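Below: one structure, written as structure tokens.
The values are calculated or read from the model by the stated rules, or taken from the named source; none is laboratory data. Nothing here was measured: the structure is a model prediction, and the numbers come from that model. Neighbour counts run over all protein chains shown; Cβ positions are idealised from the backbone, glycine included.
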Amino acid sequence: MAVEPSPTRPAVAAKAIQLTINLEPAPCLVSGDAKRLQQVISNLLSNAIKFTPQEGTIHIQMERLASQVEIRVSDTGQGFKQRR
């Protein structure tokens, strides 16, 4: 899957968000629909940008766990209220 220029860069710059990305050093093979995987990751990042305050932080991490890959997106946004 080719990596396309990110449409999120202007939003990150406009809000002065610090974006950190930690990826596995070696390529990871992931089985799945490439377009859907790209859509899911794009949605996670877009939501993080949307709810992260001015000058906040977004951290993206990809980690290989045995035969799986885990992608985490965390931010300094307010988050969700827990339901009881």
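Are any residues in the stretch 11-27 in a helix (DSSP H, G or I) and out of contact with any strand residue (DSSP E or B) (no Cβ under 6 Å at 6 or more places or on another chain), and if so, which ones? Walk me through how you get there before you give the answer.
Keep residues of the stretch 11-27 that are in a helix (DSSP H, G or I), which gives 11-14.
Passing the criteria: Ala11, Ala13, Ala14.
Within the stretch 7-22, residues that are over 14 Å from Ser42 (Cα atoms) and of a type outside the set (S, T, N, Q) sit with their Cβ atoms under 6 Å from residues that are at pLDDT 90 or above and loosely packed, with under 10 Cβ neighbours inside 10 Å, at 6+ positions apart or across chains, in these pairs: Lys15/Gln54.
Of all residues in the stretch 28-84, those satisfying the criterion of being assigned to a loop (DSSP other than H, G, I, E, B) and of a type in the set (S, T, N, Q) are Ser31, Thr52, Gln54, Ser67, Thr76, Gln78, Gln82.
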